[in-house]
Amino acid sequence: CVATKMVRKRQLTMEERQTIITIENVSLSYRKIAKKVKVSVSTVSFNIKRHSETGANSYRKRSGRPKATTASEDKFLSVNSLRDRRLTGQQLQAQLNSGRVSKSQFQL
């Protein structure tokens, strides 16, 4: 059994995306475009398909995990953890949940 390592795929740069679209407009085959840009044929196909559907080359916003805290709560946690470096995460969470967040605690 051969162990395979998961490789993170790199994103295409905006220049590479634009090059793919520009070359495709000149009517070259996907294989020739892939060889010229040094990416796989499926990457070329995917980018051309997305461009024809959306009309854009830009990166799409990814969903990711939603934030559990607001910006003000983040600031409260960072300020309090810097004030008392011995506080544990559970203690900081208890302070945050106790509702003792006031504007005076936001000042360094």
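The values are calculated or read from the model by the stated rules, or taken from the named source; none is laboratory data. Given the structure is predicted, the values throughout are model-derived calculations rather than measurements. When we count neighbours, we look across all protein chains shown, and the Cβ atoms used for this are built from the backbone with ideal geometry, even at glycine. Keep in mind that these areas ignore ligands, DNA and RNA; they rest on the heavy atoms of the full protein, side chains included. Shrake-Rupley method; radii C 1.70, N 1.55, O 1.52, S 1.80 Å.
Among the trypsin sites (Lys or Arg not before Pro) in region 1-101, which ones are in a DSSP loop with at most 14 other Cβ atoms within 10 Å of the Cβ? Mind listing them?
Taking region 1-101 and a limit of 14 other Cβ atoms within 10 Å, the loop trypsin sites (Lys or Arg not before Pro) found are LYS5, ARG8, LYS9, ARG10, LYS38, ARG60, LYS61, ARG62, LYS67, ARG85, ARG86, ARG100.
Based on the alpha-carbon gyration tensor of region 14-54 and its eigenvalue square roots a ≥ b ≥ c, which shape applies: rounded if a/c is under 1.5, prolate if not and a/b is larger than b/c, or oblate?
Rounded.
For ILE20, tell me the accessible area in Å² from a 1.4 Å probe, rounded to the nearest 10.
0 Å²
Could you tell me which chymotrypsin sites (Phe, Trp or Tyr not before Pro) in region 9-82 are loop residues by DSSP with no more than 11 other beta carbons within 10 angstrom of their beta carbon?
Numbers: sites: TYR30, PHE46, TYR59, PHE76; in loops: TYR59.
Within region 9-82, the qualifying chymotrypsin sites (Phe, Trp or Tyr not before Pro) (loop, at most 11 other Cβ atoms within 10 Å) are TYR59.
Looking at the square roots a ≥ b ≥ c of the eigenvalues of the Cα gyration tensor of region 6-103, which shape do they give, rounded for a/c under 1.5, prolate if a/b is larger than b/c, or oblate?
It is prolate, given that a/c is not under 1.5 and a/b is the larger ratio.
Place a +1 charge on the Cβ of each Lys and Arg in region 14-54 and a -1 charge on the Cβ of each Asp and Glu, then give the dipole magnitude about the Cα centre in debye, rounded to the nearest 20.
Computed charge dipole of region 14-54: roughly 200 debye.
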